[in-house]
Structures are given as structure tokens and as C-alpha cells.
1. Would you check which residues across the range 121-168 are under 60 Å from the mean Cα position of the chain (by Cα) and of a type in the set (S, T, N, Q) and list them?
2. Pick from SER71, SER76: which is surrounded by fewer than 15 Cβ atoms within 10 Å (Cβ to Cβ), modelled with pLDDT of 70 or more and hydroxyl-bearing (Ser, Thr, Tyr)?
3. What single numbered condition from (1) under 30 Å from GLY32 (Cα atoms); (2) modelled with pLDDT of 95 or more; (3) not hydroxyl-bearing (Ser, Thr, Tyr) fails to hold for ASP131?
4. Of the residues in the range 61-91, how many are under 15 Å from ALA5 (Cβ atoms) and among the acidic types (Asp, Glu)?
5. Only one of these conditions is not met by GLY36: (1) surrounded by 12 or more Cβ atoms within 10 Å (Cβ to Cβ); (2) at pLDDT below 55; (3) among the small types (Gly, Ala, Ser). Which number is it?
Amino acid sequence: MSVSASIPDTSLGLTSSEIQILRQQQQLVLQGGHTGGGVTRGRGTGRTSNASSRAASAASSHGRLLLDPMSLRALSHQLDNLQEQIRNRLDYLEEQMQLSLQNSTDRAGNVIHNADAEIARTRSILTSIDDLETEFAKIANIREIVKQYRARIEGLDQRLDQAARRKR
């Protein structure tokens, strides 16, 4: 097949990045050779190289896409493999993202649970402090009452002492 049975890869309506991918994949196909419809690695030997792969190489070097069935089948197979690799990578990344989100959710749940526990603990401590302050106020009130009784008793004791000294 001649280079004339090819079209410029820029005439396919692709963006420059898509053309670059097409050229890279076409080069990978050419490096892999054509064996039994499958794409393999290596350059092959002089006996297995054929006119089609030489024509594809010539077309590729001129920025053209070879239109023969074997070249297109090999390129299609290469692009299918690339697409499958991309799909697998996307699936893997989605799985990793889900794991990351789940871990973040779990950590956030643990943080919330721990925060709730600490809030409950703080409220319990504040309630205990309030109870202790109430008890302290009661004790202070009792202390004042005891002081008053003590003062009254001391006053009565002094009066009794004075009365006892007068009787003598």
C-alpha cells in the first residue's frame, strides 16, 4: 500500500491533543508490528515485516493515517486497549475516592462522636460544679447560723458566769 492510500491525520477533525494521542498510538502500533491481528511488542524480523508496516511507518512519519484494513485494525485494537486502560484507571480512582470519602466520613463521625462525648462530660462537670456551689452556699449558710448560735451561747455563757460571780 502506498502513502497515497492515507489521509493527513490533521484532516480528521481532531483537536491538537487528540492528534498527538493518535500519532503516539500509531507509533506504538508500528513499534509493535502486525502479527495475526494482534499487536505485540518488538520490531520483528526482516521476514515478518511486511509492506503494510513499512507503508504505515512511512505514512506516520509524514503525519498521515494509513487507510489499509490491517493498519486500521491494529490502530483500533491499540486505541481499544488504551481506552480500556483509561477505564480501568478511572474505576480505580473512583474506588480510591470512595474509600477516601468513607474514611473522611468515618473520621468526621468519630470526631463528632468524641465531641459529643466531651460536651456531655463538660455538661456533667458543670452540673457537678453547680451542685457543689449549691452545697457550698448551704454550708456557708449553716456556718453563719452556727456562728450566730455560738455567739448567742457565748453571750449566755458570759451572762451565766457574771450571774454566778454575783451570787458569790
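The values are calculated or read from the model by the stated rules, or taken from the named source; none is laboratory data. Quantities reported herein were computed from a predicted structural model and do not represent experimental measurements. With ideal geometry, Cβ positions are generated from the backbone for all residues, glycine too; neighbour counts draw on all protein chains shown.
1. Here is the first cut: in the range 121-168, the ones under 60 Å from the mean Cα position of the chain (by Cα) are 121-140.
Residues satisfying the conditions are THR122, SER124, THR127, SER128, THR134.
2. Values: SER71 fails: surrounded by fewer than 15 Cβ atoms within 10 Å (Cβ to Cβ).
Testing whether each residue is surrounded by fewer than 15 Cβ atoms within 10 Å (Cβ to Cβ), modelled with pLDDT of 70 or more and hydroxyl-bearing (Ser, Thr, Tyr) leaves just SER76.
3. Checking ASP131 against (1) under 30 Å from GLY32 (Cα atoms); (2) modelled with pLDDT of 95 or more; (3) not hydroxyl-bearing (Ser, Thr, Tyr), the one that fails is (1).
4. Number of matching residues: 1.
5. (1)
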